[in-house]
Amino acid sequence: MFESLERSWKLIKGSFKLIADNPILFVFPILSFLSFMIFLVAMVMLFTPVLFIGSEEQIGQNFQVIIILGALLLLFAGPFFGTFFAVALSFETGEVLKGQKASISRGIKHAIKNIKEILLWALTLFAINIIQMILRRMAEKYGGRIGGAVGNTVISILMAGWGFATAFVVPIMAFEDTNPFASIKKSVQLLKHTWGETLVGNVGAGSALGLLIIPLFLLLFVPFIGIFFLPIFILGIIAISLLTQVFNTVFMTALYLYATEKDSKKAEKYFDKDLIAHGFY
């Protein structure tokens, strides 16, 4: 366990160093966010005219249909854009670790080549989200206050386990061009060898990044000053969110590469030579 902690710390430091040296990697999650917002605006522009067609009763029915359809489309669009640009970011992380300069266009082109796998994975996440929403609704409806709370807790634990089991899916899709089911199987296999590093890296670094929110939050309570910091607070939350997304992808990509490759000549600028040479097997 102590060896896992040591390797995790080295990977965390190397990942942050890689991000600091290649700030262009931040463009990928920004593009993901912008793509989602453009999709949202396009939906509003497309569906709004439909609301004013027909009688008052028909308008009410149209509104209900549009709300349901819009919600379903957004539940799919979020995972799709997130996965698409995460695959591009993961691939470019691998290129940087090989000594190449990060390229936005190259990463996007690589993601386009894997568009089928990305669509299938987005549909998988869409289905998982729908199922967990239905189960939560059933737990609250039929379980009462206590049963609902217990049901939601169990579902949250299962979703956390799902997230942990699929931690390697994005880098696997980026480098192996596999379908979602094969990626999930490979991800679980890799976790058998790297569960300690994966857990420490994601929880430890995620907690550290989350602590950055505290000073921003405290500024809101400073008399006569807090209100002026609201825009800064919002921008700070967005920046921390982007940093978290970039770190998670970079960290899991580095962990994936060192769990599957033995090239000691690669990435010595960011990671310890022994870590690279021995991998995790």
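Quick check: is even one residue across the range 133-150 of a type outside the set (A, V, I, L, M, F, W, C) and either in contact with a Cys (Cβ under 7 Å, 6 or more places away or on another chain) or closer than 26 Å to LEU191 by Cα (or both)? Walk me through how you get there before you give the answer.
Initial filter on the range 133-150 (of a type outside the set (A, V, I, L, M, F, W, C)): 136-137, 140-145, 147-148.
Then keep just the ones that are either in contact with a Cys (Cβ under 7 Å, 6 or more places away or on another chain) or closer than 26 Å to LEU191 by Cα (or both); that gives none.
Within the range 133-150, none of the residues are of a type outside the set (A, V, I, L, M, F, W, C) and either in contact with a Cys (Cβ under 7 Å, 6 or more places away or on another chain) or closer than 26 Å to LEU191 by Cα (or both).
Since ILE19 meets every condition but one in (1) under 17 Å from the mean Cα position of the chain (by Cα); (2) modelled with pLDDT of 90 or more; (3) not basic (Lys, Arg), which condition does it not meet?
Going through the list (1) under 17 Å from the mean Cα position of the chain (by Cα); (2) modelled with pLDDT of 90 or more; (3) not basic (Lys, Arg), ILE19 breaks only (2).
Contact list please: Cβ distance under 7 Å, first residue in the range 175-188 and in contact (Cβ under 8 Å) with a residue 60 or more places away in the chain, second residue of a type in the set (Phe, Trp, Tyr), pairs at least six apart or on different chains.
PRO180/TRP121
Having 1 or more residues that are under 15 Å from the mean Cα position of the chain (by Cα) and surrounded by fewer than 20 Cβ atoms within 10 Å (Cβ to Cβ) is the bar; report the helices (runs of 4 or more DSSP H) wholly within the range 85-169 that clear it. Step through it out loud before you land on a result.
Working: elements: 104-113, 115-142, 144-165.
Of the helices (runs of 4 or more DSSP H) lying wholly inside the range 85-169, those with at least 1 residues that are under 15 Å from the mean Cα position of the chain (by Cα) and surrounded by fewer than 20 Cβ atoms within 10 Å (Cβ to Cβ) span 115-142, 144-165.
The values are calculated or read from the model by the stated rules, or taken from the named source; none is laboratory data. Owing to the predicted nature of the structure, the values given are computational and were not obtained by experimental measurement. Because the Cβ atoms are built from the backbone with ideal geometry, glycine has one as well, and the counts that use them run over all protein chains shown.
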